[in-house]
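First the structure, in the form of structure tokens, and then the observations on it.
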Amino acid sequence: MKKTDGGIGEMTEYELEDIFHESGHYHLYERLKYKLWIAYQWLEADRNILSEFLTIYDFDHDEELYCKEFLFHYKIFKNIKKKNAFY
């Protein structure tokens, strides 16, 4: 069960899918979608950060990427953005 963060809206699965699709990384979403959805609480506030992360990072189509690796890099990126007040 996903926890809520008091008034901050959660992203839907469809919104998460759209972000991956718009960034050109739908192949990555297809491989990780269920694990990504279950492993992390995606909030509406994550939308712009995730979109930028997917745009900046280069993911090789042929190289296997695990959900934990993806989330590790995403959380570092998100933390850097917040600490430097880019968001």
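Quick grid of which residues meet (1) under 15 Å from residue 25 (Cβ atoms); (2) in contact with a Cys (Cβ under 6 Å, 6 or more places away or on another chain); (3) surrounded by fewer than 12 Cβ atoms within 10 Å (Cβ to Cβ); (4) among the charged types (D, E, K, R):
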residue	(1), (2), (3), (4)
40	no, no, no, no
57	yes, no, no, no
61	yes, no, yes, no
71	yes, no, no, no
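If the condition is being closer than 20 Å to residue 11 by Cα and at pLDDT below 85, then region 46-87 contributes only 87.
The values are calculated or read from the model by the stated rules, or taken from the named source; none is laboratory data. Fair warning: this is a prediction, and the values are worked out from it, not measured in the lab. A quick note on method: Cβ atoms are made from the backbone with ideal geometry, for glycine too, and the neighbour counts reach across all protein chains shown.
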